[in-house]
Amino acid sequence: MATTLIAKPPYRKLKGYAFDPALSLNMETAPINTIVYKVPWEDDLEPGPVGEYVEVVDYDPTTKTHYSPVDLNDPYLLAQDGHEPSEGNPQFHQQMAYAVVMTTIKNFERALGRPVLWASRQPGAIDFEDYVPRLRIYPHALREANAYYSPQKKALLFGYFSSTPANESVQMPDSLVFSCLSHDILAHETTHAILDGMHRNYNEPTNPDVLAFHEAFADIVALFQHFTFPDVLKNQIRQTQGDLAAQNLLGQLAQQFGSAIGR
């Protein structure tokens, strides 16, 4: 009997939030907030996840805890598109970070027509540089309301913190908020890393517009990726009756983070 060759899948499907966990608590937005990201398939993806472009390292220095790395090649996870979205599952945090970062990389590569490269390290010698194969992602790096790209570490560091919301009917006080579960924050910080790989000097504040460009471009990428989620886009077009200039989810950034710090 002849053997049928099975083609390699073009992408890996992983569940995640379209925006952030807060929208899953609202009856109007809950149905569109859980989506399935289609991430380019990697044959050699290791637990972490650790792939060709990124390496997730889940160590929490505040509690001195190493969280078990998620194995996205586990057959049970493959069969159900990864872990279900959960604020209390560190392995889902790793999955969410990987899915959004890889989605952002894929969108840049489609626009650029070439692979994304990370900025190299310069140990000190002007004529010598270290190639950086992978960007590191730390989902629980800080116990504070912050997240940032570190050009020195070639890493994305995400914080978590206790909320102090202005409106306690919308968000529970002292509940933990994880910046690594916000699509917008993940996409924003990934864009900083990609831009650093393209134009390293844009990290130098030679004038106020340079750093402003970095921030504005990162925000725009996060916003534009909202338009790549078909169910979200159709829902918001229906809600606004086609007037996308009206207030809608597509034009908002990091709602949970802003609400949790009292904005």
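Structural remarks
- Number of the exception - Val50 against (1) over 23 Å from Ala193 (Cα atoms); (2) at pLDDT 95 or above: (1)
- Extreme residue, nearest to Ala145 (Cα to Cα), among residues of the range 163-186 that are in contact with a Phe, Trp or Tyr (Cβ under 9 Å, 6 or more places away or on another chain) and either at pLDDT below 75 or outside any strand (DSSP E or B) (or both): Ser179
- For the range 11-59, filtered to residues that are in contact with a Lys or Arg (Cβ under 7 Å, 6 or more places away or on another chain) and basic (Lys, Arg), the residue that is nearest to Gln236 (Cα to Cα) is Lys38.
- Selection within the range 180-213 - surrounded by 24 or more Cβ atoms within 10 Å (Cβ to Cβ) and either farther than 25 Å from Arg114 by Cα or of a type in the set (Lys, Arg) (or both): Cys180, Leu181, Ser182
- In the range 239-261 there is no residue matching the filter, namely being modelled with pLDDT of 75 or more, out of contact with any Leu (no Cβ under 6 Å at 6 or more places or on another chain) and either buried (at least 19 other Cβ atoms within 10 Å of the Cβ) or hydrophobic (A, V, I, L, M, F, W, C) (or both).
- Condition check for Val56: of a type in the set (A, V, I, L, M, F, W, C), in contact (Cβ under 8 Å) with a residue 60 or more places away in the chain and surrounded by 16 or more Cβ atoms within 10 Å (Cβ to Cβ): yes
- Test result for Thr240, closer than 21 Å to Asp20 by Cβ and hydroxyl-bearing (Ser, Thr, Tyr): yes
- Failed item in (1) small (Gly, Ala, Ser); (2) in a strand (DSSP E or B); (3) touching a residue at least 40 places away in the same chain (Cβ under 8 Å), with Gly159 passing the rest: (3)
- Residues of the range 59-70 satisfying the condition of being surrounded by fewer than 17 Cβ atoms within 10 Å (Cβ to Cβ) and outside any strand (DSSP E or B): Pro61, Thr62, Thr63, Lys64, Ser68
This table checks each residue for (1) touching a residue at least 60 places away in the same chain (Cβ under 8 Å); (2) surrounded by fewer than 18 Cβ atoms within 10 Å (Cβ to Cβ); (3) not in a helix (DSSP H, G or I).
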{"residue": "Tyr76", "(1), (2), (3)": "no, yes, no"}
{"residue": "Met96", "(1), (2), (3)": "yes, no, no"}
{"residue": "Val101", "(1), (2), (3)": "yes, no, no"}
{"residue": "Thr104", "(1), (2), (3)": "yes, no, no"}
{"residue": "Glu109", "(1), (2), (3)": "no, yes, no"}
{"residue": "Arg114", "(1), (2), (3)": "no, yes, yes"}
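- Of all residues making up the range 27-57, the number that are acidic (Asp, Glu) and outside any loop (DSSP other than H, G, I, E, B): 2
- Scanning the range 204-224 for residues that are assigned to a helix (DSSP H, G or I) and more than 28 Å from Asp20 (Cα to Cα) yields Pro208, Asp209, Val210.
- Boolean, Ile220 is at pLDDT 80 or above and aliphatic (A, V, I, L, M): yes
- Considering the range 9-26, the residues that are assigned to a helix (DSSP H, G or I) and of a type outside the set (Ser, Thr, Tyr) include one that is surrounded by the most Cβ atoms within 10 Å (Cβ to Cβ), namely Ala22.
The values are calculated or read from the model by the stated rules, or taken from the named source; none is laboratory data. No experiment lies behind these values; they were computed from the predicted model shown. So basically every Cβ, Gly included, is an ideal-geometry build from the backbone, and we count neighbours across all protein chains shown.
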